[in-house]
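Please read the structure below before turning to the comments.
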Amino acid sequence: LTPRACLLGLVLVVVVNIGAPYAKYILHASLLACDYLPMGVLLPFILSVAVLNPAIKLLRSRGGLTPGELAVAFIMALVGSTVPTFGLTGYLVSTIAAPYYYATTQNGWTEYLQPHLPRWLIPSNEGSAMTWFFEGLPAGGQIPWSAWALPLAWWMSFAGAVLVVCFCLVSILRRQWIDRERIVFPLAKVPLEMVAESGSPRLLPAFMRSRVFWLGFGIPLAIVLWN
């Protein structure tokens, strides 16, 4: 757990949290933060292993990132990928903005629903904040952060509590699954193979030195990048 491992992990987190919403909501392209091994995490991590780490080794013979450092960065990026789009914010932000924007005389939300919504939990439509969220800011307008700050702070505290519970469950189940049942986690093999030889003088992992790998990797990569 070194400073450069945390720095690389933070960069990967930023990349996936900017890239995934941009790809989904602006480009309407591939889902970068979806599934158990998200493409928005895997592609930047491959660049870290195949480009960044070899460059560091060429500049400093013994300065390459170690397997542990790369593993820390990958885990940070994987956890960070649970936040954007389908992970959390794609549902949360639009749901808490809906009670005021979608209120009509027909559904009676203004009379029956909105009076019971705490202001600290649901952002109000004061200053047309929720209208701007769904329809876009007017020319010269600024994001009304004041309407969002308090509700998002409370919801993030709840999300943090859920994550703590998840980590506790993993801690409880780990010994039974890993030590006793020896369960194999195939998706975890991918990053483990990628970082296995990162501490050696060789520039690339063993499987990346195969032409067959680059052929099999290049075909789906071309499709994703084309989309």
> Where in the stretch 148-227 are there GluC sites (Glu not before Pro) that are in a DSSP coil and have at most 14 other Cβ atoms within 10 angstrom of their Cβ?
Replying inline: GLU181
>> Can you give me the accessible area per residue for the chain, using a 1.4 Å probe, in Å²?
In response: 65 Å²
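Determine the gain in length on full extension of the stretch LEU59-LEU121; use 0.36 nm per residue of separation and subtract their C-alpha separation, reporting nm with one decimal. Could you put the intermediate results ahead of the total?
Numbers: separation 62, 0.36 × 62 = 22.32 nm, distance 5.14 nm.
Here the segment from LEU59 to LEU121 would lengthen by 17.2 nm.
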>> Charges on Cβ only, +1 for Lys and Arg, -1 for Asp and Glu, centred on the Cα centroid of the stretch 83-184; of VAL170, PHE158, LEU92, which one is farthest towards the dipole's positive end?
In response: VAL170
> Under a point-charge model restricted to the Cβ atoms of Lys and Arg (+1) and Asp and Glu (-1), what is the dipole moment magnitude of the chain relative to its Cα centre, in debye to the nearest 20?
Replying inline: 1040 debye
> Using only the Cα atoms of the stretch 1-116, what do you get for the radius of gyration and for Dmax, in Å?
Replying inline: 20.1, 71
> What nm distance separates the two modelled labels at ALA153 and VAL51, each placed 7 Å from Cα along Cα→Cβ?
Replying inline: 3.9 nm
>> Only four residue types carry charge here, +1 at the Cβ of Lys and Arg and -1 at the Cβ of Asp and Glu. Report the dipole size of the stretch 1-122 about the Cα centre in Debye, rounded to the nearest 20.
In response: 500 debye
>> With unit charges on the beta carbons (Lys and Arg positive, Asp and Glu negative) and the dipole taken about the Cα centre of the stretch 133-227, which residue among TRP148, LEU187, VAL212 sits farthest to the positive side?
In response: VAL212
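DSSP loop trypsin sites (Lys or Arg not before Pro) in the stretch 1-89 with at most 10 other Cβ atoms within 10 Å of their Cβ, which ones?
Details: sites: ARG4, LYS24, LYS57, ARG60, ARG62; in loops: ARG60, ARG62.
When the trypsin sites (Lys or Arg not before Pro) of the stretch 1-89 are filtered for loop state and at most 10 Cβ neighbours within 10 Å, ARG60, ARG62 remain.
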> Given the protein chains as shown and a 1.4 Å probe, how many square angstrom of ILE122 are accessible, to the nearest 10?
Replying inline: 20 Å²
> Tell me, what ³J(HN,Hα) does each residue in the stretch 7-13 have, in order and in whole Hz, if you take phi through Karplus 6.51 cos²θ - 1.76 cosθ + 1.60 with θ = phi - 60° and put x for Gly and Pro?
Replying inline: 5, 5, x, 5, 4, 5, 4
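Report, to the nearest whole %, how much of the accessible area of the stretch 42-149 belongs to carbon and sulfur atoms, 1.4 Å probe, protein only.
Carbon plus sulfur share of accessible area: 64 percent.
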> For the pair SER200 and CYS168, what calculated FRET efficiency results from E = 1/(1 + (r/R0)^6), where r is the Cβ-Cβ distance and R0 = 30 Å, to the nearest 0.05?
Replying inline: 0.25
> For the stretch 69-227, what is the convex hull volume of its Cα atoms per residue in Å³?
Replying inline: 234 Å³
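Would you please classify the overall shape of the stretch 140-208 from the alpha carbon gyration tensor, given that a ≥ b ≥ c denote the square roots of the eigenvalues, rounded means a/c under 1.5, and beyond that prolate means a/b larger than b/c while oblate covers the rest? List each step's numbers first, then the result.
Working: a/c = 4.60, a/b = 1.58, b/c = 2.91.
It is oblate, given that a/c is not under 1.5 and a/b is not larger than b/c.
How much net charge surrounds GLY64 when only the other residues with a Cβ under 14 Å from the Cβ of GLY64 are counted, with Lys and Arg +1 and Asp and Glu -1?
Working: positive: ARG4, LYS57, ARG60, ARG62, ARG202; negative: GLU69, GLU197.
Neighbour charge sum, excluding GLY64 itself: +3.
Loop-only check: which trypsin sites (Lys or Arg not before Pro) in the stretch 104-176 are DSSP coil with at most 15 other Cβ within 10 angstrom? Present the calculation step by step, with values, prior to reporting the outcome.
On the way: sites: ARG119, ARG174, ARG175; in loops: ARG119.
Of the trypsin sites (Lys or Arg not before Pro), the ones in loops of the stretch 104-176 whose Cβ has at most 15 other Cβ atoms within 10 Å are ARG119.
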>> What distance in nm separates the two pseudo spin-label positions at ARG209 and THR104, each 7 Å out from Cα along the beta-carbon direction?
In response: 6.6 nm
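Hey, what did the chain get for relative contact order, percent, Cα under 8 Å, at least 6 apart? Display every interim value, and only then the final one.
On the way: 201 pairs, mean separation 52.5, N = 227.
Contact order relative to length: 23 percent.
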> Extent of the stretch 59-134 along each principal axis, from alpha carbon coordinates, in Å, largest to smallest?
Replying inline: 70, 20, 20
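Given R₀ = 45 Å, FRET efficiency for THR66-GLN114 by Cβ-Cβ distance, to 0.05? Each step should come with its number before you reach the end.
Numbers: r = 55 Å, r/R0 = 1.22.
It comes out at approximately 0.25.
The values are calculated or read from the model by the stated rules, or taken from the named source; none is laboratory data. These numbers were taken from a predicted model, which means no experiment stands behind them. Ideal geometry is used to build each Cβ from the backbone, glycine not excepted, and the neighbour counts take in all protein chains shown. Please note that ligands, DNA and RNA were not included when accessible areas were found on the heavy atoms of the full protein model with its side chains. Shrake-Rupley method; radii C 1.70, N 1.55, O 1.52, S 1.80 Å.
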